[in-house]
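Down below is the structure, laid out as structure tokens.
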């Protein structure tokens, strides 16, 4: 018997932990809709509605993401790339503020109504609280709000403001843009914030740095990621 079959994490759920964790992994690891995950499970003889998959994703995905954050605390890079992108929700513009480190790992994401210094300050305060320390250097685009916020929140940090230097942060928005199309646009800022707060830590876990993609370390790194996922999801065999 596997540990997940009787683990308290999955207590009072009709399906085994392996099924629940696999559904959550599919939904957040790949750009799949809830109905596609439902079909994939059905192909394996697991009949479950897409609404159940959504509930699993919200409940267990949040727990898994929080565990990943705890395990990665203090291990992410000291060079922060900050960027913001517009997201239209219900016909109204919102801004998705994002910070990544020099390896492309997402540090934090914040959905806000404005694109100004106040919004930049909120992101920086959230980053400092989550990371526990200030970065060595902060890299942003030419938006002046970053400079104004940095002078108040992190006055001693080096700030490089240049459009071409910020491609790493800009590229990190692409997975969420793809998911927004699949989700037929988020229904509310709260829904988007809830999704990205779960999606990005899980994406970090399975992100293998580009320079390792063709090396002999790739399989080891991928295996280590899957092993950690099994531990987080309580899937070890005993």
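Assorted remarks:
- The set of residues from segment 89-127 being assigned to a strand (DSSP E or B) and more than 24 Å from residue 65 (Cβ to Cβ) comprises 92, 93.
- Highlighted here are the helices (runs of 4 or more DSSP H) found entirely within segment 128-201 that include at least 2 residues which are modelled with pLDDT of 90 or more, buried (at least 18 other Cβ atoms within 10 Å of the Cβ) and not assigned by TED's automatic domain parsing to the domain that holds residue 29: 144-153.
- If only residues of segment 25-48 that are assigned to a helix (DSSP H, G or I) and out of contact with any helix residue (DSSP H, G or I) (no Cβ under 8 Å at 6 or more places or on another chain) are counted, the one that is farthest from residue 197 (Cα to Cα) is 43.
- Qualifying residue in segment 62-74 (condition: part of a helix (DSSP H, G or I), more than 16 Å from the chain's Cα centre (by Cα) and surrounded by fewer than 15 Cβ atoms within 10 Å (Cβ to Cβ)): no
- Number of the condition not met by residue 28 [criteria: (1) more than 17 Å from the chain's Cα centre (by Cα); (2) touching a residue at least 12 places away in the same chain (Cβ under 8 Å)]: (1)
- Some residue of segment 1-14 being touching a helix residue (DSSP H, G or I) at 6+ places or on another chain (Cβ under 6 Å), closer than 15 Å to residue 195 by Cα and either free of Cβ contacts under 8 Å to residues at least 40 places away in the same chain or surrounded by 17 or more Cβ atoms within 10 Å (Cβ to Cβ) (or both): no
- Which numbered condition residue 91 fails, given (1) modelled with pLDDT of 90 or more; (2) more than 20 Å from the chain's Cα centre (by Cα): (1)
The values are calculated or read from the model by the stated rules, or taken from the named source; none is laboratory data. Keep in mind that what you see is a predicted model, and the values were worked out from it rather than measured. Cβ coordinates were reconstructed from backbone atoms using ideal geometry, including for glycine residues, and neighbour counts include every protein chain displayed.
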